[in-house]
Amino acid sequence: MTHAEVGMQVSHRRYVPYSHAHYAGNLVDGAYSLAAFGDVATELCIIADGDEGLFASYSDVQFLAPVRAGDCIVITARVVRVGTRSREIDFEVRVVARGNPSRGESAADVLDPPIVATTARGVVVVPPAP
């Protein structure tokens, strides 16, 4: 176990399954990104503090571009402030690949540059250090 430090970062990569499509155009709901933020924050807290931590709040959530079923995304959490028990974290979802049905049913393209789809700031709390 290390101690939380400003600049610590964790990223997850995942494929967005078609079973999560919620709206026309295979869009997934914004809650998908928020759930992904929770997952990456949990790993960050485990690495930094040896505990899963608990979310206290989100602020400045921005849905900048759609996330679609068939996307490959990278979810990143980066510590921006360390308190006694709180950790303020910046979050980002980037779409790094997207299905391209115009080329074929299973065709997909790597996006260069990736699309920043969702950003947020959150605060997690962890138990006091022993």
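The values are calculated or read from the model by the stated rules, or taken from the named source; none is laboratory data. Quantities reported herein were computed from a predicted structural model and do not represent experimental measurements. Methodologically, a virtual Cβ is constructed for each residue, glycine included, from the backbone with ideal geometry; neighbour enumeration extends over all protein chains shown.
See the values below:
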read-out	value
Residue among Val61, Val93, Val82 that is in contact (Cβ under 8 Å) with a residue 40 or more places away in the chain, more than 25 Å from Val16 (Cα to Cα) and among the aliphatic types (A, V, I, L, M)	Val82
Qualifying residue in the range 36-54 (condition: in contact with an Asp or Glu (Cβ under 8 Å, 6 or more places away or on another chain), surrounded by fewer than 16 Cβ atoms within 10 Å (Cβ to Cβ) and free of Cβ contacts under 8 Å to residues at least 12 places away in the same chain)	yes
Subset tally (residues that are of a type in the set (Val, Ile, Thr) and in contact with a His (Cβ under 9 Å, 6 or more places away or on another chain)) for the range 80-130	1
Selection count where residues are in contact (Cβ under 8 Å) with a residue 12 or more places away in the chain and either in contact with an Asp or Glu (Cβ under 6 Å, 6 or more places away or on another chain) or at positive phi (or both), scope the range 96-115	1
Residue under evaluation Ala69, criteria (1) small (Gly, Ala, Ser); (2) surrounded by fewer than 18 Cβ atoms within 10 Å (Cβ to Cβ); (3) within 30 Å of Ala108 (Cβ to Cβ), criterion not met	(2)
Those residues of the range 57-90 which are β-branched (Val, Ile, Thr) and either out of contact with any helix residue (DSSP H, G or I) (no Cβ under 9 Å at 6 or more places or on another chain) or not in a strand (DSSP E or B) (or both), in sequence order	Val67, Val74, Val80, Thr84
Members of the range 10-22 that are over 13 Å from Ala77 (Cα atoms) and either surrounded by fewer than 11 Cβ atoms within 10 Å (Cβ to Cβ) or in contact (Cβ under 8 Å) with a residue 12 or more places away in the chain (or both)	Arg14, Tyr15, Val16, Pro17, Tyr18, Ser19, His20, Ala21
Criterion: more than 14 Å from Val10 (Cβ to Cβ), at pLDDT below 95 and out of contact with any strand residue (DSSP E or B) (no Cβ under 6 Å at 6 or more places or on another chain) - qualifying residue of Tyr23, Tyr32	Tyr23
Residues being out of contact with any Phe, Trp or Tyr (no Cβ under 7 Å at 6 or more places or on another chain) and buried (at least 20 other Cβ atoms within 10 Å of the Cβ) - total across the range 85-97	6
